[in-house]
1. Sum -39500 (n - 2.57) across every DSSP H segment of at least 4 residues in the chain, then divide by the residue count to get the 222 nm mean residue ellipticity, nearest 500.
2. Helix 29-62: angle to the longest alpha-carbon principal axis of the chain, degrees 0 to 90, nearest 10?
3. Working from Cα positions, state the angle (0 to 90°, nearest 10) between the long axis of helix 2-26 and the longest principal axis of the chain.
4. If I compute semi-axes √(5λ) of the Cα gyration tensor in Å from the structure I just sent, which labelled value in (i) 31, 10, 10; (ii) 21, 13, 10; (iii) 34, 11, 4 lines up?
Amino acid sequence: MLLPILLFDVALVAWSLHLMEKAYESKEFSLMLAGTLVALAAAAMLVVYFLMGHCMTYLLQVS
């Protein structure tokens with residue numbers, strides 16, 4: 001399950017870099033903000049995935 005999530009995160013980061021590049025070229029703050037928010041969403045998804053993985057491992061060991 002980790003591989004599809006990692007691929008999706010890589011795609012999100014690539015998209016955010018593309019948005020930020022376009023923002024820099026056209027001097028638009030809204031595109032820069034959108035790129036930052038997409039990158040933060042990718043990072044948050046990885047954090048939640050690893051936290052839930054550790055939580056589920058712990059809960060399965062306790063049972």
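No lab work stands behind these numbers, since they all come straight from the coordinates. Since we're looking at a predicted model, the values are computed, not measured.
1. Taking each H run of at least 4 residues, the total per residue is -34000 deg cm²/dmol.
2. Here the helix axis deviates by roughly 0 degrees.
3. For 2-26 against the chain, the angle is about 20 degrees.
4. (iii)
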